[in-house]
């Protein structure tokens, strides 16, 4: 079909419209609301908040039905109708969604207060006078980047795409000064959308183009409580508010009317455990697949906000007469605080098999003076060599008490530490299996594994220790209560740092610290960490 243009359109193509498409949208566009009534396009609260924060590359994690596809679609229509040579594309995750988006675009144009010169084909809306076009398609249905020049793109529900690598072709087709947005509700942990979100949070390049150029995205999160329509009349204040709901009220100003909507919505869902994924209050809980987070998500957010940056990263090695430190951007040891001269420390450790594709061996160093995590070693290494690593790390931190888990491969690690004649290895009060070395983790509801997890939970919630490792915080966020009431990490995630944090919490609670006059030793020398104060009384085989 063809839509004619009136003389009034020429007068409205002003610099103001070109600079701010919102003027054209809210002045002339009409859309169908939730009741299927045609109404003027007035931005809702979420759209109004997002609009001035739009950048050239946006990554949007959101609750359901907040209007992001609609506003980005309207922005593209407005730009294509007023700016020459725009080549815009919208790509959805499945065919039915694509049809709905195309229909929505056609309705915007057909019901516009001014006549926009547009021609609609099966999947493309062209604007002949501007020589611009808007393509709306499904991921996988078209190969972009083969001669196409893209000026604007919007990728909707990206977490659900079957072929997420299509984004590389779209990015490669983008011209200079292009504008793009990836938007989605979450769809689990560890998938390309989640990894893109994590990388953008760290300031890393989310996408590497074929020519090696990095592409970074600005993160935007919008929770369900930011949508003012999600509430029901509440005739009297709620008196049965649980701890999670109290946190929502404290942190985000959620009202009783909103809490009541949340309760009713969750009860009406076929699978209520998916509520946090579909209607997250904060970004961390959006990536839950099922079950509930074991650790308090709001408390984890506070731990992350107050975490120290990495002071030094590298490898710890045995120099024969001293502990050596070699700086490396990809080193397995992260130091947040160097040891104080008279400081006392404890090192909790979880031992893995040392297989490169398997779990990690992890060691956390805790300062007994203030219960702070001051260093973390995380990597793949054979269990006996991990014993050497612990000896070196312990020696550096004033011969800290070593508390490795003794189960399975841990016995090899503990035996190695003992053979190295390390002077401060933890021994249990009770012998289990003929040995009292290390921390024994027993399964079951009465076992020490439950104690480890619950101790870490309490320490996180009550801030009785300070976490600096973002890896630890990430693993805690993916640690969930499963349908069988067991607590474990989600598929594709790890929990080694959770175990070391739990052992650390137990040992910190047991330790009695007598303050001494201390000061920071001068151990940072020209990019290296000097260990001249710690001369090992043992010899390891770790180089």
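Extension gain for the segment residue 94 to residue 119, taken as residue separation times 0.36 nm less the Cα-Cα distance, is 6.6 nm to one decimal. Computing FRET efficiency as 1/(1 + (r/R0)^6) for residue 177 and residue 301, where r is the C-beta to C-beta distance and R0 is 30 Å, gives about 0.30.
Each label was represented as a point 7 Å from its Cα along the Cα-to-Cβ direction; for residue 246 and residue 313 these points are 3.8 nm apart. Alpha-carbon geometry of the stretch 280-346: the Rg and the Dmax are 17.9, 54 Å, given in that order.
Sort 336-345, 51-60, 260-269 by packing, meaning the average of other beta carbons within 10 Å per residue, with the highest value first. Kindly include the intermediate steps, with their values, before the conclusion.
Working: 336-345: 19.9, 51-60: 16.6, 260-269: 14.4.
Descending packing order for the listed peptides: 336-345, 51-60, 260-269.
Please list, by residue number, everything in the stretch 35-49 whose backbone N is under 12 Å from a paramagnetic label point 7 Å out along Cα→Cβ of residue 65. Those under the cut-off are 35-36. Kirkwood Rh over alpha-carbon pairs of the stretch 234-290, then Stokes-Einstein at 20 °C and 1.002 mPa s: what D in µm² s⁻¹, rounded to an integer? Approximately 178 µm²/s, per Stokes-Einstein. Using a simple spin-label model with pseudo-atoms 7 Å out from Cα toward Cβ, residue 216 and residue 342 lie 4.4 nm apart. Distance between the pseudo-spin-label points of residue 355 and residue 273 (7 Å out from Cα toward the beta carbon): 2.6 nm. Length available on full extension from residue 23 to residue 236: 0.36 nm per residue minus the Cα-Cα distance, which gives 72.6 nm.
For residue 149 and residue 85, calculate 0.36 nm times their separation in residues minus their Cα-Cα distance, and state this gained length in nm to one decimal.
Once the chain is fully extended between residue 149 and residue 85, it gains 22.1 nm.
Bear in mind that the values in this text are calculations on the coordinates, not laboratory data. Small disclaimer: the values here were computed from a predicted structure and weren't measured. Glycine gets a Cβ as well: all are built from the backbone with ideal geometry, and neighbour counts include every protein chain shown.
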